[in-house]
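Undergrad: Below you will find the structure I want to go over with you.
The values are calculated or read from the model by the stated rules, or taken from the named source; none is laboratory data. Keep in mind the model is a prediction, meaning the values are calculated, not measured. Don't worry about glycine lacking a Cβ; one is built from the backbone with ideal geometry, like all the others, and counts go over all protein chains shown. Remember, those area values only see protein heavy atoms, side chains included, never the ligands or the DNA or RNA. Shrake-Rupley method; radii C 1.70, N 1.55, O 1.52, S 1.80 Å.
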Amino acid sequence: MKRRSLLFAAGAGVLGVTVLSACSSPAEPAPGSSAPPPGSPAAPTGWERVNLGFVSAYLLVRGSEVAIVDLGTSGSEAGIGEGLKAAGSGWANVKHVILTHRHDDHVGGLSGVQPQVKATWYAGEADVSGIRSETALKPVKDGDEIFGLRIIGTPGHTAGHVSVFDPATGVLVAGDALRTTDGLVGSDPQYTLDPAQAAASVKKLAGLDIKQILPGHGDPLTAGSADALKKLAATVR
């Protein structure tokens, strides 16, 4: 695992961004996973976290293509662009953009990122109408697949909140369904639309074979994820 610190101009000031990468070789599948069948996408070669301060975007890299999950606040395109460079990639390689939910700290970068890419854009079907976008958003629901990734419906924080799971590696991009701001915790109650649904979503995630958790807020949890999530699921109501 490598940590790289980047500086870039952001509006009138200079913002420091840490890009945290964790890469796995496609020749070495995650323990317990099997090689994909012929014709299916290869497992992602890795992921990059773009730390935008109090919120993160994630780059999921598969060969020469990239999927971005979440876009941070307005003006975050500079940090995401630097993250793509750190991953040895660029805007031209971005083919998918997945928005976990409609809140401004996750979709605020839309206007800055959309002119940079020719990609398919996705959001949970119940949140699409609440996202202002110049490009049409493709509604997704639980069980849909994008780029070899599985969409997990995790409502509660918002009605259409989704998480993104890679079954081949056990990597989960959790949006705001999970946070690591004070250990592993669920959706922030003060911004949660339906606490009962949010708790049910935590329990649902605990049933997956998760090895790494990439939250919207807080640092990635790259060890002990499954045990921590099961403990959390046992406490939420």
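Undergrad: Could you tell me which of rounded, prolate or oblate describes the range 83-191, using a ≥ b ≥ c as the square roots of the eigenvalues of the alpha-carbon gyration tensor, with rounded for a/c under 1.5 and, failing that, prolate when a/b is larger than b/c and oblate otherwise?
TA: rounded
Undergrad: While we're looking at this one, here's another question. Only four residue types carry charge here, +1 at the Cβ of Lys and Arg and -1 at the Cβ of Asp and Glu. Report the dipole size of the range 74-185 about the Cα centre in Debye, rounded to the nearest 20.
TA: So the magnitude is around 260 debye.
Undergrad: Treat the range 42-121 as a sphere of radius equal to its Kirkwood radius over Cα pairs and apply Stokes-Einstein at 10 °C in a medium of 1.306 mPa s; give the translational diffusion coefficient in µm²/s, rounded to a whole number.
TA: 131 µm²/s
Undergrad: Considering only DSSP beta bridges where both residues belong to the range 111-215, give the percentage that are antiparallel (nearest 5).
TA: Restricted to the range 111-215, the bridges split so that about 55 percent are antiparallel.
Undergrad: Under 13 Å from the Cβ of Asp105, count the other residues' Cβ atoms, weight Lys and Arg +1, Asp and Glu -1, and hand me the total.
TA: Surrounding charge for Asp105 is -2.
Undergrad: How large, in percent, is the carbon and sulfur part of the accessible surface of the range 96-210 at a probe radius of 1.4 Å?
TA: With neighbouring chains kept in place, the figure for the range 96-210 is 48 percent.
Undergrad: Which of the trypsin sites (Lys or Arg not before Pro) found in the range 137-182 are in a DSSP loop and have at most 13 neighbouring Cβ atoms, other than their own, within 10 Å?
TA: Lys141
Undergrad: Can you tell me how the range 138-237 classifies by the Cα gyration tensor, rounded, prolate or oblate, using a/c under 1.5 as the rounded cut?
TA: It comes out oblate by the Cα gyration axes.
Undergrad: Something else now. Output ³J(HN,Hα) for the range 156-170: one whole-Hz value per residue in order, computed from phi by the Karplus curve 6.51 cos²θ - 1.76 cosθ + 1.60 with θ = phi - 60°, and x for Gly and Pro.
TA: My calculation for the range 156-170 gives x, 4, 9, 5, x, 4, 10, 10, 10, 10, 9, x, 6, 10, x Hz in order.
Undergrad: Now a separate question. Taking 8 Å as the Cα distance limit and 6 or more residues as the minimum spacing, I'd like the relative contact order of the range 138-184 as a percentage.
TA: This gives 25 percent for the range 138-184.
Undergrad: Could you run the Karplus curve 6.51 cos²θ - 1.76 cosθ + 1.60 with θ = phi - 60° over the range 77-94 and give me ³J(HN,Hα) per residue in whole Hz, x for Gly and Pro?
TA: 4, 5, x, 5, x, 5, x, 4, 5, 4, 7, x, 10, x, 4, 5, 8, 7
Undergrad: Right, next: Got a sec to turn the phi values of the range 136-151 into Karplus ³J(HN,Hα) couplings, 6.51 cos²θ - 1.76 cosθ + 1.60 with θ = phi - 60°, whole Hz, x for Gly and Pro?
TA: 4, 9, 7, x, 10, 9, 3, x, 5, 10, 9, 6, x, 9, 9, 7
Undergrad: Let me ask something else. Rounded, prolate or oblate: which one fits the range 133-185, using the alpha carbon gyration tensor with axes a ≥ b ≥ c (rounded when a/c is under 1.5, else prolate when a/b beats b/c, else oblate)?
TA: The shape class here is oblate.
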